[in-house]
Amino acid sequence: MRAIRPRRSPAVPLLVAVWAGAVGVVWLWWMNTPSIADNNSRILNAGRITGLLAGYLMALVVLQMARVPALERRVGSDRVARWHAMSGRYTISLVLAHIFLTMWAYALQAGKGLGGIVQQTVTSVEQLPDVGKAAIGTGLLVLIGLISMGPVRRRLSYDLWYHVHLLTYAATYLSFWHQLSTGNEFAGQPEAKTAWYVLYGSVTALVIWYRILTPIRLNVRHRLRVEAVIEETPGIVSVLMSGRRLHRMGAEAGQFFRWRFLAPGMRFSSHPYSLSAAPRPNMLRITVKAIGDHSSALRDLEPGTRVWAEGPYGALTASRRSRGKVLLVAGGVGITPMRALFETLPGAAGDLTLLYRANSTQDLALWDELAQIAEERGARLMYAVNSPDGERPDISPDTLRRKLPDIDHHDVFMCGPPGFAQQVYEALRGAGVPARRIHHESFEM
């Protein structure tokens, strides 16, 4: 086995760059801010700085949607999704604060009190066309924020949430122009205006390249089609897809694609599913549990159905490994990326262990394949299922140390539902595994 050289995540340098950009925005505001002499000036300048920071964060929100490989495959799609959600919340908060503070300051200048904010807002929208566009963009942002709230999101279908979420692009476009036409920082600062154009132009170019042109190129080149649909266990099916030169797609075990099956009723649905086997030159496979309309419809796919794929995405790959021994932990359908890694991770006999958690032995999808891989590779395969009376198995630090006395010398790859992942993470930390050696991705949307 070649020397293990884990590929480090660029998350920390990226976060430093983001904060440096925020500092630059604050510096731009400071350099264009005269002395603040009264209460009205304080309110107006608070509105200016919140607006600038909102504009900066809005560009980052779109960048996090661009599916740039350095983010999706190095930082991890789940982590980028969390960044996106957090940035979106901050952006909406800053936008609303910007509107409130700015309109309040304008109302005070017009001799009105706090109650004149609504009238001042209406007047600004009527008199300034770019502000009117920004008002529409703000409405779209608030709508997106509302449907992304946990209680609301759980009641919506994935497809509805996904397509409404795409309105972020329209909201950004509509809000961009008033920043340049009404912002004091850009009126007399051509360098600042150029920098803002470069920021938004670069983000736009990345979105066009990676979300439109790259998928077109991939699908024209590889021409994926459904080869067969196989029922693994009740409610779980594997979809085999054939194509041309699939080994040139750059996919690795542990990664996923966003799949769109061009069958009636599924053409406008794109869902993420992990590869459940190592990529072959002429075959890819996913294994999916029926938990929604899209996943349930996969069992009825006909051979020959065209497939539109975007990817590969995800950082749960062998490049994260830093130790010779590896523990793979799967919960439910989280077995799919773990099965692919179990097959392909380099290792001598005894180096690899897979722990598979399911409700019952009947739910252990791909078990025969896993057993064959374990036998061929000299790997260890364990399962944890509920007892006949429904009692859940004990996955605790003591249990893990008893099964693997040297667990603190392992890398751990983990995939499963959020609650399960949190339980196992805490048990692993209690068993002495450092956080930097616990690698996991959550695909909850």
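The values are calculated or read from the model by the stated rules, or taken from the named source; none is laboratory data. All values reported here derive from a predicted model rather than from experimental measurement. Note that each Cβ is placed from the backbone with ideal geometry, even for glycine, and that neighbours are counted across all protein chains shown. Each accessible area value is taken on the protein alone, full model and side chains, heavy atoms only, with ligands, DNA and RNA left out. Shrake-Rupley method; radii C 1.70, N 1.55, O 1.52, S 1.80 Å.
Considering segment 156-199, and only residues there that are closer than 23 Å to Ile99 by Cα and within 21 Å of the chain's Cα centre (by Cα), the residue that is surrounded by the fewest Cβ atoms within 10 Å (Cβ to Cβ) turns out to be Ala170.
Among the residues of segment 293-311, those identified as buried (at least 18 other Cβ atoms within 10 Å of the Cβ) and farther than 22 Å from Tyr210 by Cα are His294, Ser295, Leu298, Leu301, Thr305. Within segment 227-237, no residue satisfies the criterion of being at pLDDT 95 or above and either polar (S, T, N, Q) or not in a strand (DSSP E or B) (or both).
So that you can scan it fast, the table gives a plain yes or no per residue for (1) without any contact (Cβ under 8 Å) to a residue 60 or more places away in the chain; (2) of a type in the set (Asp, Glu); (3) over 27 Å from Trp259 (Cβ atoms); (4) in a helix (DSSP H, G or I):
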position: Asp130; (1), (2), (3), (4): yes, yes, yes, yes
position: Lys133; (1), (2), (3), (4): yes, no, yes, yes
position: Val152; (1), (2), (3), (4): yes, no, no, yes
position: Asp159; (1), (2), (3), (4): no, yes, no, yes
position: Val164; (1), (2), (3), (4): yes, no, no, yes
position: Ser175; (1), (2), (3), (4): no, no, yes, yes
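Taking the stated definitions as given, is Lys112 open to solvent by less than 80 Å² (accessible area, probe 1.4 Å), outside any helix (DSSP H, G or I) and either of a type in the set (D, E, K, R) or more than 29 Å from Trp308 (Cα to Cα) (or both)? Judged against the criteria, Lys112 is a match.
Scanning segment 416-427 for residues that are touching a residue at least 60 places away in the same chain (Cβ under 8 Å) and either open to solvent by 10 Å² or more (accessible area, probe 1.4 Å) or over 22 Å from Gly314 (Cα atoms) (or both) returns Gly416, Pro417, Phe420, Ala421.
In segment 91-112, the residues that are more than 23 Å from Leu146 (Cα to Cα) and of a type in the set (Asp, Glu) form no Cβ pair under 9 Å with any partner that is open to solvent by 40 Å² or more (accessible area, probe 1.4 Å) and outside any helix (DSSP H, G or I), whether six or more places apart or across chains.
Here His98 clears all of (1) open to solvent by less than 20 Å² (accessible area, probe 1.4 Å); (2) touching a helix residue (DSSP H, G or I) at 6+ places or on another chain (Cβ under 6 Å) except the condition numbered (1). Between Asp398, Asp411, the distinction of being over 20 Å from the mean Cα position of the chain (by Cα) and open to solvent by 20 Å² or more (accessible area, probe 1.4 Å) belongs to Asp398 only.
How about segment 120-151: which of its residues are within 25 Å of Ser295 (Cβ to Cβ) and either open to solvent by 60 Å² or more (accessible area, probe 1.4 Å) or touching a Gly at 6+ places or on another chain (Cβ under 8 Å) (or both)?
Selection gives Ile144, Ser148, Met149, Pro151.
Quick check on segment 386-393. Is at least one of its residues open to solvent by 50 Å² or more (accessible area, probe 1.4 Å), among the basic types (Lys, Arg), in a helix (DSSP H, G or I) and at pLDDT below 95? Checked against the condition, which is being open to solvent by 50 Å² or more (accessible area, probe 1.4 Å), among the basic types (Lys, Arg), in a helix (DSSP H, G or I) and at pLDDT below 95, segment 386-393 yields no hits at all. Given the structure, is Ala290 surrounded by fewer than 23 Cβ atoms within 10 Å (Cβ to Cβ) and modelled with pLDDT of 90 or more? Considered against the rule, which asks whether it is surrounded by fewer than 23 Cβ atoms within 10 Å (Cβ to Cβ) and modelled with pLDDT of 90 or more, Ala290 comes out as no.
Please find, within segment 28-74, the residue that is least open to solvent (accessible area, probe 1.4 Å) out of those that are farther than 25 Å from Thr172 by Cα, of a type outside the set (Gly, Ala, Ser) and not in a helix (DSSP H, G or I). This residue is Thr33.
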